[in-house]
Amino acid sequence: DCNDVTIASMNWQSAEVLASLDKFILENGYDCTVSIISGDTVPTLTSMAERGQPDIAPEAWVDLVPEVIGRGLEEGKLVATGAALSDGAVQGWFIPQYIVDAHPDIVTIGDALKHPELFPAPEDPSKGAVFNGPQGWGGTVVTTQLFKAYGAEAAGFELIDTGSAAGLDGSIARAYENQEGWLGYYWAPTAILGRYPMVKLNFDAPHDADEWKRCNSNADCPDPKINEWVSDKVLTVTTTTFAERAGEPVMAYLGTRSWSNKIVNNLLSWMTDNQATGEDGAKYFLENNKDIWSTWVSPEAAAKIEAAL
Amino acid sequence: MASASTQSYGIEIKGLSKIFGANPERIVPLLERGLGKKEILEEHKHVLGLNDINIAMPAGCIQVIMGLSGSGKSTLIRHINRLVDPSVGEVLVDGVDVCKMSHKQLREFRRHKTAMVFQQFGLLPHRNVLENTVYGLELQGVPRNRQVEAAMHWLDRVGLRGFEERYPNQLSGGMQQRVGLARALANDAPILLMDEAFSALDPLIRVDMQSILLDLQKEIKKTIVFITHDLDEALRLGDRIAILRDGEVIQQGTGQEIVLRPADDYIVEFVRHVNRGKVVQIRTIVDPAHAADAHSAVELPAATVLEKAVSALLSSGKQCAVVVDDSGTRLGTLTLEQLAAAMVAN
Amino acid sequence: MASASTQSYGIEIKGLSKIFGANPERIVPLLERGLGKKEILEEHKHVLGLNDINIAMPAGCIQVIMGLSGSGKSTLIRHINRLVDPSVGEVLVDGVDVCKMSHKQLREFRRHKTAMVFQQFGLLPHRNVLENTVYGLELQGVPRNRQVEAAMHWLDRVGLRGFEERYPNQLSGGMQQRVGLARALANDAPILLMDEAFSALDPLIRVDMQSILLDLQKEIKKTIVFITHDLDEALRLGDRIAILRDGEVIQQGTGQEIVLRPADDYIVEFVRHVNRGKVVQIRTIVDPAHAADAHSAVELPAATVLEKAVSALLSSGKQCAVVVDDSGTRLGTLTLEQLAAAMVAN
Amino acid sequence: MDWFWAFPHLDDDILRTIRMTIDDSFRNFTRAWGDPIQQLFEPLRLLLVFAEWVMLNAPWPIIILAVGIVAWLASRRWQIVVGSIATLLLIGYFDMWEDTMRTISMILVCTLISIVIGIPIGIGMARSNRAQRVISPILDVMQTLPSFVYLIPVVMLLGIGRVPGLLAVVIYAVPPMIRLTDLGIRLVNKEVLEAADAFGSSSWQKLINVQLPLAMPTIMTGINQTIMMALAMVVIASMIGVQGLGQPVLRAINNQYFTMGIFNGLAIVGIAIIFDRISQAFGQRMQKHREQAHG
Amino acid sequence: MDWFWAFPHLDDDILRTIRMTIDDSFRNFTRAWGDPIQQLFEPLRLLLVFAEWVMLNAPWPIIILAVGIVAWLASRRWQIVVGSIATLLLIGYFDMWEDTMRTISMILVCTLISIVIGIPIGIGMARSNRAQRVISPILDVMQTLPSFVYLIPVVMLLGIGRVPGLLAVVIYAVPPMIRLTDLGIRLVNKEVLEAADAFGSSSWQKLINVQLPLAMPTIMTGINQTIMMALAMVVIASMIGVQGLGQPVLRAINNQYFTMGIFNGLAIVGIAIIFDRISQAFGQRMQKHREQAHG
Ligand SMILES: Nc1ncnc2c1ncn2[C@@H]1O[C@H](COP(=O)(O)OP(=O)(O)OP(=O)(O)O)[C@@H](O)[C@H]1O
Ligand SMILES: Nc1ncnc2c1ncn2[C@@H]1O[C@H](COP(=O)(O)OP(=O)(O)OP(=O)(O)O)[C@@H](O)[C@H]1O
Ligand SMILES: [Mg+2]
Ligand SMILES: [Mg+2]
């Protein structure tokens, strides 16, 4: 049955808007009763794995917090119903657009690391800086390993701990407002990239999945090699109990509901411009993109949703 | 105010010693070896508060305690309601050792049997005068209207009517002391412990307060322990007087005994400044030799004090007074010279 | 201890009134309409502390202030160093109005010109006895060794040697008072304000402390304002005495004047309990009629007190004493009857 | 000399094994005991839900009226009444009414619980030096163990939602209440206590009649600090699913909406000030004797 | 009756415009002033860097010795010395030495700054009711405005790193110091003050000789709370790049490493307890007169 469904709304925009979207569709198209519960990613997913509450996490970045989601999936406490982002999430090293404009020769990470003077470290401007991600994220480990692999330290760079997403965002914002150089780990789709356009650098080697697993994503590995960062899975996850009780149509919806990075980026940039909440964003999306969402649901559900708009 | 207590309580203090300091147990044995206050202070850094005190205070009497500043009077009186625990010794109230009471017994004892006036007033700063005065009764669980009634009675009696709503920090020193007094009196306990209870009062109010005590005593016979520095007051109030020095009792007895037969030079000094004319009774100086020429003499009761005797003698115009005791027996005669000499003796 | 101050300061209090309460300004005009303490308390909920006080205290004298508890003595003495600001009136010290001093002047004035003994001691609880005693000197900026020297001298003098390291809460009431006394004396200021400074002391130490004051006075002539409830003490110390009631001055004058010519019944009551034998000088009762049979009389100086006169007369075996003044002139005679009558008057 | 420069610590592998073992056993524990423990807290959850329901469903003029009345009864000062109402109106005008009501209901419950727990423990601590020695380090732990750290096990045990939020807030907010109650009682003048003793006060009566009234100023500071701490935890609580003003703050952070963060932050401050002023004014009214200055 | 149930708030569009305008103007401000402001804090940063350098580069036996000596000098009690050293050894043994040193250096600086700033302000607040009325709400803001909210602007102004971390910590840790200094001074007995006045104390002398010594117990509680608050902020500070024990905690949180969080959390607690015990013992030694109980 589909009563008392709780959807976790994480506190970044894309997850927030997706949670609101699911809520609207489940309520209006599938006659569920839905409430949104918002919290930080990790507590929310932990709660799902350990306590079976809330029911649905619409957008779970498996690689950012591999321990929590990975274990839940492994132990059968969580079920992945499908990819939330059809083309996966992008992670990598980014630099601001204006740097690229000024130095069109910088295309790969290797190029960027030749210019420590362009990316001054905050506490020691004689060195360059690579801003690392939040503590404990998968991407942070990878960045650390890539830093080693590229020999960035020898190239005059230091790896800056930003601590949290907020710290990382702050450092980007500061660099932009001062039109300074910035080089570091980031991911997409995010609201920040809508506001502060950045360019993802290419890698100087192709992807090697085994090597990636052996070393690039393992913090204790001493000898990482350069390895391309391919897109990550962003899944919709539900608890096993919910998967069992929810019934076919709902699970089918959650399985097919998937959008591309491009759509999300457009939506996020609209939301940022309007400082909109997730609810506003979901409404805006539903009103303007019927062609997309109508493929996710059965025609009768689509009609009901249409009517509710 | 009618008293709820009909019985009076005798207090007996036996072999009481008190040592202040970090480690009193260590010092107690030294006491028995006869070390004095000075050595204990200088060599052992402890203060000898009291040393082997033995006093029996009969029920229904006023026992005055006097002594030099720092001689242990306050410490002694605080032992009676066990605000201080003794290092050795017993305090028997009506035969029960206060020091062996359980918490609960002690509380009941303090509530119903004793009331205390503190040398430094001990008022509750956050309660106004009336609320301070009812404090003891409140603890006894007396109904509120009777609390207020009793408190107002005594506040009136100590001259604080109109100040019920004031807080202690708005009162003068003497007024604060009188609040403490009213609080203790309102408590209506059979044992009254008064630590320099009148020291901040002017002579008029002081005499008035003394009269309150004496009147009380006539009606209800409380056992009162009274510390004072004023020998005249001691003699006026005290059925018995004990004098302390350096934590030891130097002399005990009635006022007359102490004034007339001081035990040592210290006490001589102590009584030197007393107004003998108001204190010494003619019985103590009567000259039994001359069995009296009845016509040329006035008759005076043996308990008359010198001053009154002189007045009587002078106004009678006679040369000589005859001292008679309660039963009318003539004890002897006194001349003006003898009376005058007794008044100025020291 | 040598005094740094050679000059003495006269104090003059003019038209001083003080009202305590929420809104004293509102009450001041009512005073002029002659409302008394009682009305102001009951109808206006303000306390009349002092009302139109005028006292001149000559430099180098001891001015005693007496009065009922709550009559405004402490309030008055606190005006002299402006711990209390007056509602109206002036306090002139050596011609300067204390109430008009700037903060800085006031501080200097308090530091160097006055020292105070508080009725409730006012010791600093976190400082030991020695540190309490040097406090005034410390503020004056005296070098440390001289501070300690002076403090030790006075502590010794008040009988607290050996207690320098103790904290106030380890002392008896009287000992605390003596610390306050030592602190004020060590300060060596030309004006001493003493609010019931001896009230917690036993008679022996008290007499000793009185002697200290009198000795001081012989040497250095401070101006001392002394509040006491003890008329004997007042008469012994006071060059002049002022008696207050309900915030008003009822009588001012020398001790003899007050004892012998009380202004009203209130003061009669007040002096009733005085030990006349120790106070009244024979000059005041001499009988000028009988210009003396020189052979059968002892000669006594006019300033002899009654008690001493009786002793002298009795021990001489004579019938009659001749009173002579300082220059040897005979003022008159006195018989034992007359002396005895004077001693027991009223 | 290696050991001199680098601390000779436990071998990395052993450390890792230790961590894993503890982690696993704790996980097993939560799985076995999570449900009964959650049951235990059910009444608390209902209370929270109820409080929130009331605050959300009462029409706003009623709530403003109620706040005004409470402010008046507690303080008897119109400035405080006007200030409280104005703050609430402003909050509502800037469209934060609903979140504010959620936060108020949560914080009210947390503060009350903290006070109700804190004062008795503080009293116990003041009465016995032994208790003080035992409790004091526990308080240190409660205040400095990062809430994030104990949120992990709490979330594993209780899931996300109001109850774990309340626990986090109370754990953090109660120590100043306890500490300052203890301090206040310990500072009460010994002479006054002795007088109370002499008249036969039981220790309970001494507490009620003497110690608590005289410790009031310090206890009131404790209440102030408890309110402050509780409100400082609003954002953390919202990380584990407590609704209210913390959520827009988090959103603002994640999206770099500076002004949105400030507005919602100021709403939290506004609540803090309302709570604080009302409680302090009430405390002051309880201490009439301090108004009467000497001199 | 719609307005009765739903608060008639500002129009959404207007609100949005307001927010955007403020956001933009703040952004312009940082652009214009970021650098000079950063320059301003440069000495502070150097101090922090230096403190950290010392703690990290001194060999651990030297540090342990130094801590032991400080503990002894301050407290004169061997229990405290042994306790402090044992805590540090345990921390080192569990391989948290380096992070701990970073955190200690940071917190030491923050606590000292808070005390140095807090006590004078507290004194000023105690001396004038006007000052109290003005400062008190500011303290409320400092304590309850979620640090997350001002972290964004601070990071935009000053970048990530030690200085913004220090600001966040001090802003949060200083209010209890100020409040309790104020309270302590206000509670000093009027009679004692009057005696000090009567001997001609200047207000400075009154402060030094009377008010501060007698306010000591309360001020020491203020220092305790300041230390607690500072350490409670360690994790938040690490969110903007301050190194130390906060980082492993964050890592633990993001991966639900229960034990790792607990270990590092307990190391923070350990530091808190060392700091606190040493400072409290020192404070107690300053108040000999309170040891002497009556009776
Ligand atoms: N701060 C105050 N607030 C209100 N009333 C006060 C204050 N201080 C003193 N009073 C009042 O002023 C009057 C005079 O007080 P004061 O202390 O001067 O008396 P006193 O003559 O020294 O009495 P005592 O001999 O009892 O010390 C009293 O009625 C007292 O209640
Ligand atoms: N708590 C204490 N700690 C240490 N010594 C104390 C303590 N209480 C009293 N004493 C000492 O005990 C002795 C007796 O003190 P007590 O207060 O009994 O004297 P007292 O006779 O009442 O004197 P006073 O007439 O001055 O009030 C004093 O020397 C005092 O220093
Ligand atoms: Mg005594
Ligand atoms: Mg007085």
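Details
- Scanning segment B:45-85 for residues that are open to solvent by 30 Å² or more (accessible area, probe 1.4 Å) and away from ligand 3 (no atom under 14 Å from the Cβ) returns B:45, B:52, B:54, B:56, B:58, B:59, B:61, B:82, B:85.
- Among the residues of segment C:14-32, just one is at positive phi and part of a strand (DSSP E or B), namely C:15.
- Residues in segment D:161-180 that are more than 14 Å from chain A (Cβ to nearest Cβ) and more than 10 Å from the chain's Cα centre (by Cα): D:178, D:179, D:180.
- Scope segment C:54-95; condition away from ligand 1 (no atom under 11 Å from the Cβ), under 15 Å from residue C:19 (Cα atoms) and of a type outside the set (A, V, I, L, M); matching residues: C:82, C:85, C:86, C:87, C:89, C:90
- Listed by position, the helices (runs of 4 or more DSSP H) enclosed by segment A:79-194 that each have at least 3 residues that are within 14 Å of chain E (Cβ to nearest Cβ) and in contact (Cβ under 8 Å) with a residue 24 or more places away in the chain are A:138-149, A:165-177.
- Candidates E:158, E:187 - the one that is open to solvent by 10 Å² or more (accessible area, probe 1.4 Å) and within 7 Å of another protein chain (Cβ to nearest Cβ): E:187
- Looking only at segment B:158-206, residues that are more than 29 Å from residue C:234 (Cα to Cα) and more than 14 Å from ligand 1 (Cβ to nearest atom) come to 11 in all.
- Selection of segment E:253-269 for residues being under 8 Å from residue D:19 (Cβ atoms) and under 26 Å from the mean Cα position of the chain (by Cα) yields E:260, E:263.
- Residue count for segment C:164-189, restricted to those that are at the interface with chain B (Cβ under 9 Å from one of its Cβ atoms) and either outside any helix (DSSP H, G or I) or aromatic (Phe, Trp, Tyr) (or both): 4
- Conditions (1) modelled with pLDDT of 90 or more; (2) open to solvent by less than 30 Å² (accessible area, probe 1.4 Å): number failed by residue B:259: (1)
- Tabulated pairs, segment B:134-146, first at the interface with another protein chain (Cβ under 9 Å from one of its Cβ atoms), second of a type in the set (Ser, Thr, Tyr) and part of a loop (DSSP other than H, G, I, E, B), C-beta under 9 angstrom, 6+ apart or interchain: B:135/D:201; B:139/D:201; B:139/D:202
- Those residues of segment C:23-80 which are modelled with pLDDT under 85 and either of a type in the set (Val, Ile, Thr) or within 16 Å of ligand 2 (Cβ to nearest atom) (or both), in sequence order: C:27, C:28, C:40
- Where a residue in segment C:190-217 is closer than 22 Å to residue C:111 by Cβ and part of a loop (DSSP other than H, G, I, E, B) and its partner, wherever it lies, is more than 16 Å from ligand 4 (Cβ to nearest atom) and among the charged types (D, E, K, R), with Cβ under 6 Å and at least six apart: C:190/C:113; C:190/C:222
- Selection of segment E:139-155 for residues being more than 7 Å from every other protein chain (Cβ to nearest Cβ) and over 16 Å from residue A:174 (Cα atoms) yields E:139, E:142, E:147.
- Positions within segment B:157-182 being in contact with a strand residue (DSSP E or B) (Cβ under 6 Å, 6 or more places away or on another chain) and either modelled with pLDDT under 90 or more than 13 Å from ligand 4 (Cβ to nearest atom) (or both), in sequence order: B:180, B:181
- So residue C:169, is it among the polar types (S, T, N, Q) and more than 15 Å from ligand 3 (Cβ to nearest atom): no
- Residue check for residue C:208: open to solvent by 30 Å² or more (accessible area, probe 1.4 Å) and under 26 Å from residue C:331 (Cα atoms): no
- Residue D:100 being within 11 Å of chain E (Cβ to nearest Cβ), β-branched (Val, Ile, Thr) and over 29 Å from residue D:231 (Cα atoms): no
- Count - residues of segment B:318-344 that are assigned to a helix (DSSP H, G or I), within 13 Å of residue B:300 (Cβ to Cβ) and open to solvent by less than 40 Å² (accessible area, probe 1.4 Å): 2
- For the criterion of being within 16 Å of ligand 1 (Cβ to nearest atom) and either closer than 28 Å to residue B:237 by Cβ or not assigned by TED's automatic domain parsing to the domain that holds residue B:190 (or both), residue B:155 passes.
- Residue in segment C:217-231 that is within 13 Å of the chain's Cα centre (by Cα), more than 16 Å from ligand 3 (Cβ to nearest atom), of a type in the set (Ser, Thr, Tyr) and more than 10 Å from chain B (Cβ to nearest Cβ) present: yes
- In summary, strands (runs of 3 or more DSSP E) completely within segment C:39-119 and bearing 2 or more residues that are of a type in the set (Val, Ile, Thr) and more than 14 Å from chain B (Cβ to nearest Cβ) occur at C:47-57, C:88-93.
- Residue C:161 being assigned to a loop (DSSP other than H, G, I, E, B), of a type in the set (Lys, Arg) and away from ligand 3 (no atom under 16 Å from the Cβ): yes
- Filtered by the rule that a residue be open to solvent by 20 Å² or more (accessible area, probe 1.4 Å), modelled with pLDDT of 80 or more and not charged (D, E, K, R), segment C:287-303 gives C:298, C:301, C:303.
The values are calculated or read from the model by the stated rules, or taken from the named source; none is laboratory data. Every value quoted in this text rests on a predicted model; they were computed, and no experiment measured them. Please note: Cβ atoms are built from the backbone with ideal geometry, for glycine as well, and neighbour counts cover all protein chains shown. What goes into the accessible areas is simple: the full protein's heavy atoms, side chains included, and nothing from ligands, DNA or RNA. Shrake-Rupley method; radii C 1.70, N 1.55, O 1.52, S 1.80 Å.
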